[in-house]
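Trainee: Structure below; questions to follow.
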Amino acid sequence: MVETQETQAGLPVDWELAARTAARLMPAGPSVDRALAQRAVDLLRADAAIAEGHVREITGLGGGLPLLPADVVDRPAWAHAATAGMAALTSGARLPAVPATARKLTATTAGLQAGALLSYLGSRVLGQYDPFGGPDGEGRLLLVAPNVVAAQRALDVSLDDFALWVCLHEATHRLQFTAVPWLRDYFAAEVTGFLSAAETSATGLLERLPKVFAEARGVRDSMSLVELLQGPEQRAMLDRLLALTTLLEGHADHVMDAVGPAVVPSVSTIRARFTARRRGGGLLDRVLRALLGVEAKMRQYAVGAAFTDAVVDRVGMAGFNRVWTAPETLPTRAELADPDAWVRRVHGG
């Protein structure tokens with residue numbers, strides 16, 4: 001077997017294999033004529049910069065930063081970009097010393113599993129800001145044109161409105177990382193620390209199994225089960241990561257709706273139909289989402305958006321922006337469910 005760059009570097013996942021597997025397994029995009037395909041691509045490219053201008057006006061972040069373009073891609077290209085970003089993000093993790101043959105086998109198995117997961121997500125993800133992607137590793141905004149068209153058709157809404165609405169969400173994510181200087185390095189350090197702690201966590205898992213089995217009876221979702229399997233140190237890291245990603249997703253959801261009908265005329269209709277679509281799907285789709293943790297991801301949007309809505313209502317957007325001051329001002333998982341507690345801690349009173 002020819003070793004990939006990732007395997008040679010000792011990463012736990014063969015990310016090149018994951019990208020190839022995803023591209024092979026994921027279904028083709030919707031059937032559209034050339035004119036519509038080109039229109040969708042042109043819309044998304046133009047809307048990326050337009051959207052970030054609106055996001056800056058709403059949030060007060062990013063003044064003076066250049067308005068960067070987005071990359072409009074198809075499903076396989078998204079999978080390759082996503083795996084490249086993941087490889088960069090996980091490259092600093094400290095891994096247990098194991099024989100090269102075992103490492104290669106583990107990386108191959110993990111690559112196939114990651115590819116299967118990406119093949120499922122690759123037909124659903126509308127866009128993504130990868131703070132570690134791109135040729136220089138400094139960040140890349142991706143918009144998946146066939147998925148945007150497929151979702152727009154399913155929702156039966158205006159393509160012009162929907163494309164801009166999607167861009168608002170992803171432009172917010174880009175601005176979070178480009179306008180908050182410490183966020184990118186903080187996020188990378190937390191992910192690296194979490195992965196590096198896995199060795200210690202795995203060593204103590206046997207000692208914790210009786211407690212895990214006892215507590216698992218009440219577990220209702222895959223994310224809760226993942227948390228039970230962590231040791232104390234890794235669980236604390238996971239708490240911080242989940243709190244951060246919940247904030248980032250909820251903040252982006254708040255912003256994409258805050259623009260109002262003057263910018264996206266059908267924003268209320270899009271939000272209502274999109275939220276219903278998030279909850280919908282056939283039985284198989286719902287089971288897959290639960291197994292893959294996608295249901296937990298959906299809850300992140302709701303919790304994070306509710307936190308952002310509540311804080312902005314109490315102290316305004318400028319007051320909300322205190323979350324970006326330093327890692328210490330980020331909300332905890334408990335504070336995400338209790339916005340007043342965060343306001344009291346950060347703003348006093």
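The values are calculated or read from the model by the stated rules, or taken from the named source; none is laboratory data. Keep in mind that what you see is a predicted model, and the values were worked out from it rather than measured. Virtual Cβ from ideal backbone geometry, glycine too; neighbours counted across all protein chains shown. SASA here: full protein model, heavy atoms, side chains in, ligands and nucleic acids out. Shrake-Rupley method; radii C 1.70, N 1.55, O 1.52, S 1.80 Å.
Trainee: For THR59, work out the one condition from (1) over 26 Å from ALA22 (Cβ atoms); (2) without any contact (Cβ under 8 Å) to a residue 24 or more places away in the chain; (3) polar (S, T, N, Q) it doesn't fulfil.
Mentor: Here THR59 clears every test but (2).
Trainee: Now for a different question. Return the residues of the range 135-159 that are surrounded by fewer than 22 Cβ atoms within 10 Å (Cβ to Cβ) and among the β-branched types (Val, Ile, Thr); say none if nothing qualifies.
Mentor: Within the range 135-159, VAL157 is the sole residue that qualifies.
Trainee: Being open to solvent by 10 Å² or more (accessible area, probe 1.4 Å) and aliphatic (A, V, I, L, M) is the filter; apply it to the range 160-195 and report the residue that is farthest from HIS54 (Cα to Cα).
Mentor: LEU195
Trainee: Six or more apart or on different chains, Cβ under 6 Å: which pairs go from a residue in the range 325-337 that's on the phi < 0 side of the Ramachandran plot and modelled with pLDDT of 95 or more to one that's small (Gly, Ala, Ser) and surrounded by fewer than 15 Cβ atoms within 10 Å (Cβ to Cβ)? Could you list them?
Mentor: Pairs found: GLU335/ALA341.
Trainee: State yes or no: is PHE194 of a type in the set (Phe, Trp, Tyr), at pLDDT below 80 and closer than 25 Å to GLY85 by Cα?
Mentor: So PHE194 passes the test.
Trainee: So, of the residues in the range 115-128 that are surrounded by 23 or more Cβ atoms within 10 Å (Cβ to Cβ) and assigned to a helix (DSSP H, G or I), which turns out to be nearest to the chain's Cα centre (by Cα)?
Mentor: Applying the filter and picking the extreme gives LEU118.
Trainee: Residue check, ALA51 against (1) within 25 Å of GLY260 (Cβ to Cβ); (2) at pLDDT below 85, all met but one. Which one?
Mentor: (2)
Trainee: Take the residues of the range 221-255 that are of a type in the set (Val, Ile, Thr) and at pLDDT 75 or above: which is most open to solvent (accessible area, probe 1.4 Å)?
Mentor: THR245
Trainee: Sort out which residues of the range 299-348 are open to solvent by less than 70 Å² (accessible area, probe 1.4 Å) and outside any helix (DSSP H, G or I), and write them in order of number.
Mentor: Correct list: ALA326, LEU330, PRO331, THR332, ASP338, GLY348.
Trainee: On the given criteria, is ASP161 modelled with pLDDT of 95 or more and either touching a strand residue (DSSP E or B) at 6+ places or on another chain (Cβ under 9 Å) or part of a helix (DSSP H, G or I) (or both)?
Mentor: yes
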